[in-house]
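**Q** Sharing a structure below in structure tokens format, with a few things to ask.
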Amino acid sequence: RSEGRVGGMFDVGLQAFTPVQARYDVVWCQWVLSHLTDDDLVAFFKRCTTGLAPGGFICVKENVAGTSYVVDSEDSSVTRSASVFESLFQKSGLSIIEKQTQTDFPDGLFEVKMWALQPK
């Protein structure tokens, strides 16, 4: 890998992605997890955990629903509540190290939360 360049591209869905073991300091997931089922999401996080270098993080930035789940009938995405996400993190063997809420978003949109996670 050359400095400042992408090291690789992966043409595969998240439900099938398996990272190289112990390679990544950070796995960043932003506005993509709504296309996975809960079971696929837990499996994805477990696989990503094996791809983390020692001390590495999985970071999640996603829309959150006020109720458990909101299903979009147009694109079949699922917006989960913060409590559902946090339950799935726990099932995946991840600890929440930090969490924050995105500020300064327009009214009428889903709230956006961010979590920094590490394996337990």
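The values are calculated or read from the model by the stated rules, or taken from the named source; none is laboratory data. Since this is a predicted model, take the numbers as computed values, not measurements. Here the Cβ positions follow ideal geometry from the backbone for every residue, glycine too, while neighbour counts run over all protein chains shown. Accessible surface is based on the protein model in full, side chains and every heavy atom, while ligands, DNA and RNA are left aside. Shrake-Rupley method; radii C 1.70, N 1.55, O 1.52, S 1.80 Å.
**Q** Within the stretch 60-86, work out how many residues are aliphatic (A, V, I, L, M) and open to solvent by 60 Å² or more (accessible area, probe 1.4 Å).
**A** Final tally of qualifying residues: 1.
**Q** Can you tell me which of (1) under 12 Å from the mean Cα position of the chain (by Cα); (2) open to solvent by less than 70 Å² (accessible area, probe 1.4 Å); (3) modelled with pLDDT of 95 or more is the one Leu14 doesn't meet?
**A** (3)
**Q** Please determine, by comparing only the residues of the stretch 27-57 that are among the charged types (D, E, K, R) and in contact with a Ser or Thr (Cβ under 6 Å, 6 or more places away or on another chain), which one is least open to solvent (accessible area, probe 1.4 Å).
**A** Arg47
**Q** Applying the selection to the stretch 87-117, what residues are buried (at least 18 other Cβ atoms within 10 Å of the Cβ) and not hydroxyl-bearing (Ser, Thr, Tyr)?
**A** The answer is Leu88, Phe89, Leu94, Lys113, Trp115, Leu117.
**Q** Of all residues in the stretch 17-26, count the ones that are open to solvent by 60 Å² or more (accessible area, probe 1.4 Å) and in a loop (DSSP other than H, G, I, E, B).
**A** 4
**Q** Between a first residue in the stretch 27-54 that is among the hydroxyl-bearing types (Ser, Thr, Tyr) and at pLDDT 95 or above and a second residue that is in a loop (DSSP other than H, G, I, E, B) and open to solvent by 60 Å² or more (accessible area, probe 1.4 Å), which pairs have beta carbons less than 7 Å apart while being 6 or more apart in sequence or on different chains?
**A** From the stretch 27-54, the pairs are Thr50/Gln21.
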